[in-house]
1. In square nanometres, what is the average projected area of the Cα convex hull of the range A:295-419?
2. Output the pairs from A:LYS282/A:LYS373; A:LYS156/A:LYS212; A:LYS62/A:LYS83; A:LYS212/A:LYS332 with a Cα-Cα distance over 27 Å in this structure; if there are none, say none.
3. Divide by every residue of chain A the summed helix terms, -39500 (n - 2.57) for each DSSP H run of at least 4, and state the resulting mean residue ellipticity at 222 nm, rounded to the nearest 500 deg cm²/dmol.
4. Taking all pairs of different Cα atoms in chain A, averaging 1/r and flipping that mean, what Kirkwood radius in angstroms comes out?
5. Can you list the aspartates and glutamates whose alpha carbon is less than 16 Å from that of A:LYS422, not counting same-chain residues fewer than 8 positions off?
6. For a quick check: sort A:THR323, A:THR236 by the number of other beta carbons within 10 angstrom, fewest at the front.
7. If you fit an axis through the alpha-carbon atoms of helix A:11-21 and take the longest principal axis of the Cα set of chain A, what angle between them do you get, 0 to 90°, nearest 10?
8. Please check: in the Gaussian network model of chain A (C-alpha springs, under 10 Å), which one of A:LEU31, A:LEU176, A:LEU326 has the largest mean-square fluctuation.
Amino acid sequence: MLDIKLLRDQPDVVRAAIERRGADIDLDGVLAVDARWRALTHEWEQLRAEQNRAGEEIARFKREKQDAAAAIAAMKQLSEKIKALDDERRDAETKLRDLVMVIPNIPDESVPVGADETANRVERQWGDPPRFDFEPKDHVALGEALGILDFDRAAKIAGARFCLSRGPAALLERALIHFMLDVHTTQHGYTEVLPPFLVNSDSMRGTGQLPKFAEDLFRLEGTDYWLIPTAEVPVTNIFRDEILDESALPVHFAAYTPCFRSEAGAYGKDTRGMVRQHQFNKVELVKFTKPESSWEELERLTGDAERILQLLGLPYRVVTLSTGDLGFSAAKTYDIEVWLPGQDRYREISSCSNFTDFQARRANIRFRRAGGKPEFVHTLNGSGLAVGRTVIAILENYQQADGGIMIPEALRPYMHGIEAIKAPV
RNA sequence: GGAGGGUUAGCGUAAUUGGUAACGCACCGGUCUUGAAAACCGGCGCCUUCGGGCUUGGGGGUUCGAGUCCCCCACCCUCCGCCA
């Protein structure tokens, strides 16, 4: 959430940011509720001051064994008035918070302004899409022909948007997880964490999935447990409601988790194959930094994710999301898009964002400089990478004329040394 | 699942069987000093329109007044049961 003070003191800055995003927010309405809340709070505080003074007097009467009945009777009325006023005040406070919570983060100056993804800006490109002297297949055709991806049986077991990997495909998925974590922990300085895959509502609120996006999530009936849609949720919440020492920053975490998404509202979209699943694996990178270094850390984090694609020899490009495409909490996001020959286009495989203090304010994650007051940290995260989509990219980019798949060299040590998934003879 | 104990500022501990949160350590500033330590003074959770207000795991209730009494919930510890 935004700082309420920023709304009060520089409403024009916020107004301009909302406009750049093309969002529809009644800022004047928010400011009116804020004014009302402040007025009620002021009045309530005055009455509380009176009550506190009277309370001390009654205590003194009691100590000195004097009669306090008259004072107590008088205070009874004040007490009731305060209660009524407090209800009003809390109503306004709840309303204000709800309103402020739906205001999106302020996009960074460097973010291209535009209505949707057509305004996204391509920053750089790495590698060239492979040329085939045959018609390349997509991962579904390849995987089914090899007998390593089974969508029909997955549908029997669970339903649509699930996949059953078998033999080399299952090994490939496991190898990728292992490979990505190894690179990030041994070469990029991240600390590996293995968090819970179920979280409570407080954590979902902390990172902003709740209350607004509940329909995108799976919940365990009759409990307060939710299946995580990304490791961002449990990992960012590690420091919720904490004040870190300045010397502890920056913190860099890498985490493998499965991710669960209901994909409500995505009906008919990406229904073929394992591009959009209810369950998929992801290695996530999460950073907690001081405000002054978060932008530099975003560049490094994006580079860390890119490094995986480079080591795997997968062609990709990096795109800056425009204000219209930018997520609610992000100040800036780079999408990394991998080339998929089966679709003849680039597809998102990682999303790297700087949330500045937006998420930290909401989750109440702070740090303290020597002798200073607590300040909000900046949080960042990015996929490093989405594993299922990396499997797709390898199958499609490394396919051979006979339907077999070459294994990228960097991955072979994690694949029992095999060089290829051979086509059945 | 059952029984008992617990949660107070960064840490560790108090608070008259309801009277308005105290102390130590750590930390910060100041005095003193060439500098530092020690000592002393002040600060030491948040907000503030500088009057003051809020804060004892969270939420309700009783009361003029709740850390304290009552109810609900969360988490931690110990034991029993069950279990990979």
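1. 10.3
2. A:LYS282/A:LYS373; A:LYS156/A:LYS212
3. Value at 222 nm, helices only, nearest 500: -12500 deg cm²/dmol.
4. 24.5
5. Result set, ordered by chain and number: A:GLU144, A:GLU396, A:ASP402, A:GLU409.
6. Ordered from fewest to most neighbouring Cβ atoms within 10 Å, A:THR323, A:THR236 come out as A:THR323, A:THR236.
7. 20
8. Looking only at A:LEU31, A:LEU176, A:LEU326, the largest GNM fluctuation is found for A:LEU31.
Every number in this text was worked out from the coordinates using simple rules, so none of it is lab data. Since the structure is predicted, the reported quantities are computational estimates derived from the model, not experimental observations. Here Cβ is always computed from backbone atoms with ideal geometry, including for glycine, and neighbour counts include all displayed protein chains.
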